[in-house]
1. To make sure I understand, if each residue's beta carbon is the centre and we count other beta carbons within 10 Å, what order do 274, 181, 330 fall in, fewest to most?
2. Using the Cα atoms of region 79-172, I'd like the radius of gyration and the largest Cα-Cα distance, Dmax, both in angstrom.
3. Could you work out the equivalent-ellipsoid semi-axes for region 206-246, taking the square root of 5 times each eigenvalue of the Cα gyration tensor, largest first, in whole Å?
4. Report the equivalent ellipsoid semi-axes for region 1-85 in whole Å, largest first, defined as the square roots of five times the eigenvalues of the gyration tensor built from alpha carbon atoms.
5. How big is the C-alpha Rg of region 342-416 next to the rule-of-thumb value 2.2 N^0.38 Å, as a ratio?
6. Round to the nearest 0.05 the FRET efficiency obtained for residue 357 and residue 269 when R0 = 25 Å and r is the Cβ-Cβ distance.
7. If you rank 234, 245 by fewest surrounding Cβ atoms within 10 Å, what's the result?
8. If you look at just the Cα atoms of region 286-417, how large are its Rg and its Dmax in Å?
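Nothing in this text is a laboratory measurement; each read-out follows from the coordinates by a stated rule. Remember, predicted model here, so these are calculated numbers, not experimental data. Positions of Cβ are backbone-derived with ideal geometry, glycine not excepted, and every protein chain shown enters the neighbour counts.
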Ligand code: RNT
Ligand code: ZN
């Protein structure tokens with residue numbers, strides 16, 4: 001079927017496919033730099049991941065330097081439709097002779113991210129930021145909730161430095177910067193005091209956010225989690241902690257990562273509860289397989305449901321979208337491209353739903369017809385609209401981008417030894 005026929009079929013349901021395509025082109029999605037090197041970063045010699053997260057696999061070709069990571073990100077950008085922005089972690093600071101060389105995380109400055117700013121500016125894209133509270137000798141193993149004041153202060157200073165860097169990214173690039181705070185703080189076994197760490201966590205967040213920033217440009221977030229590997233019994237930044245913290249301030253928003261809940265809970269069902277109260281929220285889109293395993297995002301039911309919820313609430317400009325996964329067992333560039341394209345597919349699929357009709361059926365309690373129509377929509381000619389979207393964006397079609405990955409692997413990635 002051609003695009004014009006597909007368009008007609010959607011139009012019969014009152015859905016404007018051209019408008020869906022135009023809309024999606026305006027929606028920024030943050031591309032996580034950390035898929036390129038298994039969350040290694042450039043600021044520590046020992047790249048062992050801590051904080052309860054794990055990248056498994058040792059597929060050859062991971063980026064070892066800023067130049068390699070940038071080249072890989074460029075390859076991704078060339079193969080995905082839609083509006084990309086970059087998502088950096090503080091551990092991706094670039095130290096060189098021009099900026100005085102290595103400093104520890106509490107002393108990071110905007111200048112350590114100038115090369116990233118140049119990279120983003122040259123590509124006309126924005127940049128989000130994350131302080132890095134893991135994979136560092138000052139994790140005792142707690143960071144912002146540590147009872148050791150030296151440790152806690154070190155990490156607060158890292159957070160404050162990150163606010164300044166986020167402001168710099170927003171100012172330089174003229175686009176909002178979402179600054180996400182996640183820590184792996186918690187305990188493997190039953191704690192004797194659950195309140196102390198959570199009170200110190202609160203104090204630390206307050207101290208970080210007392211650093212001045214422009215609330216219309218920098219959007220700090222609190223990302224919650226249920227548990228991590230080695231941190232099974234107690235997580236300081238629990239769902240309730242993060243919701244309550246964000247609720248208590250006008251300058252901190254809730255970030256939900258769909259790998260961070262019990263397996264039968266779904267983030268798609270949580271979004272409306274947040275947006276019923278808050279102007280904005282943020283998402284980390286990932287795929288947990290049995291745990292928060294951070295597999296590549298697929299065009300699967302939950303990803304579609306999350307996107308449908310956002311579209312139905314007309315909230316594409318209220319929800320900051322970011323990818324967050326790291327698979328080291330397959331070609332990393334392909335992993336990036338697959339996840340990004342799948343999120344684009346899910347968003348486009350959502351934009352092609354006859355939302356008003358479906359809502360009306362629900363409100364009129366016509367549940368049989370609601371189910372039948374929702375099922376039939378699954379086999380509508382979505383692929384033709386997707387193909388048109390790729391064409392309009394000037395990006396390769398399904399079937400056309402993977403050969404380019406194979407070429408890149410042969411000519412570039414396989415030479416990294
Ligand atoms: C970990 C969190 C966190 C990290 C990144 C690297 O479970 O999801 O967002 O994945 O900050
Ligand atoms: Zn996350």
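1. Arranged by neighbour count, lowest to highest, 274, 181, 330 become 330, 274, 181.
2. According to the Cα coordinates of region 79-172, Rg and Dmax are 14.6, 47 Å.
3. Working: eigenvalues 135, 19, 17 Å².
Semi-axes from the Cα gyration tensor: 26, 10, 9 Å.
4. Details: eigenvalues 316, 38, 30 Å².
Gyration-tensor ellipsoid for region 1-85: 40, 14, 12 Å.
5. Details: Rg = 18.8 Å, N = 75, 2.2 N^0.38 = 11.3 Å.
Rg over 2.2 N^0.38 Å, computed on Cα atoms: 1.65.
6. The value I calculate is 0.70.
7. On the way: 234 18, 245 21.
Starting with the residue having the fewest Cβ neighbours, the order is 234, 245.
8. Reported Rg and Dmax, both Å: 17.7, 63.
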